[in-house]
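The values are calculated or read from the model by the stated rules, or taken from the named source; none is laboratory data. What you see is a predicted model; the values in this text were computed from it and never measured. Ideal geometry is used to build each Cβ from the backbone, glycine not excepted, and the neighbour counts take in all protein chains shown.
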């Protein structure tokens with residue numbers, strides 16, 4: 001059987017410290033039919049030089065440099081619009097994948113048309129040898145089960161967003177250029193509404209630790225409304241509840257309950273964090289005096 005083209009899309013901005021490892025892991029995949037697209041969001045470090053060298057030595061690499069920074073959301077969308085593959089995957093510039101990642105996941109999708117995406121276990125950098133830290137939940141079963149399972153695991157859902165996806169499915173989502181807290185979770189929900197999401201038992205994705213979601217104050221970057229002081233994930237919550245309208249009444253109730261609990265736990269955590277910063281500031285002030 002002729003293999004199907006896979007588009008690996010790498011959005012990058014000032015990724016000089018991690019980009020080589022990311023590109024090496026993509027180049028070394030044992031799946032042959034791949035196009036690698038890199039969109040450099042007007043980087044100011046040596047990212048451009050690294051990308052050009054990889055493109056010169058690897059015919060499957062196509063490098064595009066944006067003339068000005070178009071923002072992360074539009075950079076992701078730009079790559080999707082450029083893709084030619086039957087399957088599509090975003091690869092963050094600080095993530096690496098084991099050599100069989102693409103072949104394992106594409107093989108599964110080719111044999112199982114009811115699945116819209118497939119990924120492998122994942123962990124963060126430095127946890128590669130700790131099997132207890134590996135995230136391996138899948139989203140299968142009924143639509144309601146998939147929805148609730150995602151909300152129960154949303155804080156560990158990086159691997160779902162960075163799955164191998166059927167390109168025709170992700171192109172049906174019209175909100176990729178929208179920027180708000182947990183926008184990637186809404187994309188994940190869109191996936192699960194369209195079908196099941198598989199998790200292989202083999203291969204591994206290792207996520208870098210310097211992504212925006214791991215930075216201090218990451219949630220405040222996208223906050224634009226006063227209501228988000230009470231409901232930190234207001235825009236995500238509003239959209240998720242709307243997407244849950246396809247469920248039964250009991251299913252919608254379960255979704256609303258889970259979303260409320262996610263917001264409540266996050267609000268409590270942020271309150272403790274704020275209290276800690278205030279106390280630390282007071283203690284430092286007394287020490288100086």
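The condition (being surrounded by fewer than 17 Cβ atoms within 10 Å (Cβ to Cβ), within 15 Å of residue 10 (Cα to Cα), touching a strand residue (DSSP E or B) at 6+ places or on another chain (Cβ under 6 Å) and modelled with pLDDT of 95 or more) is satisfied by just one residue among 62, 20: 62.
Among the residues making up the range 141-177, a single one is closer than 16 Å to residue 204 by Cβ and without any contact (Cβ under 8 Å) to a residue 24 or more places away in the chain: 156. Selection of the range 242-262 for residues being surrounded by 14 or more Cβ atoms within 10 Å (Cβ to Cβ) and under 15 Å from residue 186 (Cβ atoms) yields 243, 244, 255, 258, 259, 262. The criterion of at least 3 residues that are under 15 Å from the mean Cα position of the chain (by Cα) is met by the following strands (runs of 3 or more DSSP E) wholly inside the range 144-212: 205-207.
The rows are residues; the columns are (1) in the same structural domain as residue 253 (by TED's automatic domain parsing); (2) over 20 Å from residue 89 (Cα atoms); (3) surrounded by 21 or more Cβ atoms within 10 Å (Cβ to Cβ); (4) at pLDDT below 95.
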residue: 105; (1), (2), (3), (4): no, no, yes, no
residue: 113; (1), (2), (3), (4): no, no, no, no
residue: 120; (1), (2), (3), (4): no, no, yes, no
residue: 127; (1), (2), (3), (4): no, yes, no, no
residue: 143; (1), (2), (3), (4): no, yes, no, no
residue: 150; (1), (2), (3), (4): no, no, yes, no
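Of the helices (runs of 4 or more DSSP H) contained entirely in the range 1-120, those carrying at least 1 residues that are closer than 17 Å to residue 203 by Cβ fall at 19-27, 101-111.
Of all the listed residues (42, 55), the sole one being at positive phi, more than 16 Å from the chain's Cα centre (by Cα) and in the same structural domain as residue 119 (by TED's automatic domain parsing) is 42.
The residue list 252, 269 contains one member that is closer than 27 Å to residue 148 by Cβ, at pLDDT 95 or above and part of a helix (DSSP H, G or I), which is 252. The set of residues in the range 128-140 that are free of Cβ contacts under 8 Å to residues at least 40 places away in the same chain and either assigned to a loop (DSSP other than H, G, I, E, B) or over 25 Å from residue 190 (Cβ atoms) (or both) comprises 129, 130, 131, 132, 133.
Considering each residue of the range 242-255, count those that are touching a helix residue (DSSP H, G or I) at 6+ places or on another chain (Cβ under 6 Å) and touching a residue at least 12 places away in the same chain (Cβ under 8 Å), and give that number. Talk me through it step by step, then tell me what you get.
Residues of the range 242-255 touching a helix residue (DSSP H, G or I) at 6+ places or on another chain (Cβ under 6 Å): 243-244, 247, 251-252, 254-255.
Filter again for touching a residue at least 12 places away in the same chain (Cβ under 8 Å), leaving 243-244, 247, 251, 254-255.
Looking only at that region, the number is 6.
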